[in-house]
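The values are calculated or read from the model by the stated rules, or taken from the named source; none is laboratory data. As the structure is a computational prediction, the values presented were derived from the model and not from experiment. All Cβ positions, glycine included, derive from the backbone under ideal geometry; neighbour counts span all protein chains shown. Ligands, DNA and RNA are stripped out before the accessible areas are found, and what is left, the full protein with its side chains, is counted by its heavy atoms. Shrake-Rupley method; radii C 1.70, N 1.55, O 1.52, S 1.80 Å.
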Amino acid sequence: MNSLSEIAIFVKVVELSSFTAAAEALEMSQPVVSKAVTRLEEKLGARLLNRTTRRLSLTEAGSELYRRSARALAEIQDAELEVARFQTEPRGTLRVSAPMSFSILHLAPVLQAFSERYPGVSVEMHLDDRQIDLVEEGYDVAIRIARLQDSTLVARKLAPCRQVVCASPSYLSKRGVPERPEDLLTHSCIVYSLISTPREWRFTDAAGETHVVPINGALTSNNGLLNRAAAVAGAGIVLLPAFYIGEELRNGQLKPVLCDFKAVELGIYAVYPERRNLTPKVRAFVDFLAEALGPVPPWERAA
């Protein structure tokens, strides 16, 4: 038996003023409790209790040990209860990595609603379009917009992410409306540099045939909001996820083209390191996002 166990037994004896009552409370035999206190006294080299046939009383050393130990054991018990609460209810700090533009456009109101439902969770958002290493960089969950490849991470699809080819009316009036993907070869296209093949757009027609088209243009960037603004200004044809351009399509600032051809559909996913021992804060966050975004996302419902 270690000293901490012996101290805990000593504190229980003092609280109940009885070796027998302490033994019953701790589900031990009375001799075991008595020997534990005796060993503690021997280790400390001090008598802790005055024992008589009628009552127990603390010595000066015993009183000091009890005062400090009772407080420390109470702290330990509180810590154990707090850890148990972390495993049974959503609470604590949740570190989330998410794409910058999508978060600015669509996650802010969702995060506010999540905080109202789960006030015990503090969300720490890190906005970055690069694909981070969750485990190495210490994130609880990441939001990714992609066609996910095989991974050691667990992924849950939150919503579909349709891509749309579009341009401003002013651009289309000057350069014409492409009718087939191959027509893009004669157009100025706005390039998004963070995808795996930024200068190659891929489409599927109604017959299931794939069309892979190399594209060129004067503008390349790593930010969808900038590409959207450039397209509205007439810089060229852009391929963007629908969540960027819902309002622009509704108000006519951008016009969809190649509507008979389907661009590669992406997915919006929550990814996290493992399903086993998934903390309540992560589970609550992922469930909440799935409820808020899918299966038909808000930008599609508005359209």
*Report the net charge of residues surrounding A229, where surrounding means a beta-carbon distance below 13 angstrom and charges are Lys +1, Arg +1, Asp -1, Glu -1.*
-1
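Roll a 1.4 angstrom probe over the protein heavy atoms and tell me the percent of accessible area of the chain that is carbon or sulfur.
About 50 percent, which is the carbon plus sulfur part of the accessible surface.
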*Comparing V33, V213, V232, which has the greatest mean-square fluctuation in the GNM of the chain with Cα pairs linked when under 10 Å apart?*
V33
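Stokes-Einstein D for segment 107-214 at 4 °C, 1.567 mPa s, Kirkwood Rh over Cα pairs, in µm²/s?
Numbers: Rh = 18.1 Å.
Using the Kirkwood radius from Cα pairs, D works out to 72 µm²/s.
Please report, in debye to the nearest 20, how large the charge dipole of the chain is about its Cα centre when each Lys and Arg carries +1 at its beta carbon and each Asp and Glu carries -1 there. Mind dumping the intermediate values first?
Numbers: 35 positive and 36 negative charges, 100 e Å.
Dipole of the chain, to the nearest 20 debye: 480 debye.
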*Once the whole set of protein chains is in place, how much accessible area is left on W201, using a 1.4 Å probe, in Å² to the nearest 10?*
10
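Please list the three semi-axes, largest first and in whole Å, of the ellipsoid equivalent to the chain, using sqrt of 5 times the eigenvalues of its alpha carbon gyration tensor.
Working: eigenvalues 942, 53, 47 Å².
Those come to 69, 16, 15 Å.
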*Candidates A108, A72, A46, ranked by Gaussian network fluctuation over the chain, Cα under 10 Å, top entry*: A46
*Please find, in a Gaussian network model of the chain (springs between Cα atoms separated by less than 10 Å), the residue of L111, L73, L254 whose mean-square fluctuation is greatest.*
L73
_Per residue, in Å², the accessible surface of the chain once ligands and nucleic acids are set aside, probe 1.4 Å_ = 55
*How far is helix 3-16 tilted, in degrees, relative to the longest principal axis of the Cα atoms in the chain, given as a value from 0 to 90 rounded to the nearest 10?*
60
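Per the helix-only calculation at 222 nm, which mean residue ellipticity applies to the chain, given -39500 (n - 2.57) for every DSSP H run of n ≥ 4 and division by its residues, nearest 500 deg cm²/dmol? Before the final figure, lay out each step's value.
Numbers: 11 runs with 125 residues, N = 303.
Rounded to the nearest 500, it is -12500 deg cm²/dmol.
Leaving ligands, DNA and RNA out of it, rank T204, T52 by accessible area with a 1.4 Å probe, largest first. Could you put the intermediate results ahead of the total?
Working: T204 55, T52 85 Å².
The most accessible residue leads, giving T52, T204.
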*Any idea what the relative contact order of segment 173-255 is, in percent, if you count C-alpha pairs under 8 Å spaced at least 6 apart?*
29
_On a straight-distance basis, which aspartates and glutamates could pair with K262 in a cross-link, Cα separation under 12 angstrom, same-chain partners fewer than 8 positions away excluded?_
D205, E209
*Please report the relative contact order for the chain, taking Cα pairs under 8 Å with a sequence separation of at least 6, and give it as a percent rounded to a whole number.*
21
